[in-house]
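A.B. asks: Take a look at this one; I'll ask things after.
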Amino acid sequence: MILYTPMQLELVLQGLEDMAAPQLEEISVDGVPLLAEVTAPGRARVARLLSTDPRHYLQDNLLPGREILL
């Protein structure tokens with residue numbers, strides 16, 4: 001990505017190092033491996049499926065962004 005701006009680079013990137021990346025954990029739901037962001041105790045949000053089975057990507061309960069119970 002190229003960013004063209006008349007602003008100084010320091011101003012554009014100010015606060016970037018303070019941003020925290022979400023803590024992702026590799027878990028298995030019904031035998032399907034996935035990466036999830038823990039949002040609360042016992043709850044998580046699906047970030048990415050790690051399965052190689054194409055049928056797992058068609059399951060509505062495993063769509064990225066969905067809340068799941070651990």
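A.B. asks: Scan region 1-53 residue by residue and report those that are within 22 Å of Pro64 (Cβ to Cβ), in a loop (DSSP other than H, G, I, E, B) and open to solvent by less than 90 Å² (accessible area, probe 1.4 Å).
C.D. replies: Ala21, Pro22, Gly31, Gly42, Leu50, Ser51, Asp53
A.B. asks: Only residues that are surrounded by 11 or more Cβ atoms within 10 Å (Cβ to Cβ) and within 12 Å of the chain's Cα centre (by Cα): list them for region 54-66, please.
C.D. replies: Selection gives Leu63, Pro64, Arg66.
A.B. asks: List every residue pair whose Cβ atoms sit under 8 Å apart, with the two residues 6 or more apart in sequence or on different chains, where the first one lies in region 16-28 and is closer than 13 Å to Arg48 by Cα and the second, anywhere, is in a loop (DSSP other than H, G, I, E, B) and open to solvent by 80 Å² or more (accessible area, probe 1.4 Å).
C.D. replies: Within 8 Å, the pairs are Ile27/Leu70.
The values are calculated or read from the model by the stated rules, or taken from the named source; none is laboratory data. Source: prediction; values computed, not measured. For neighbour counting, all protein chains shown are included, and Cβ atoms are generated from backbone atoms with ideal geometry for every residue, glycine included. SASA here: full protein model, heavy atoms, side chains in, ligands and nucleic acids out. Shrake-Rupley method; radii C 1.70, N 1.55, O 1.52, S 1.80 Å.
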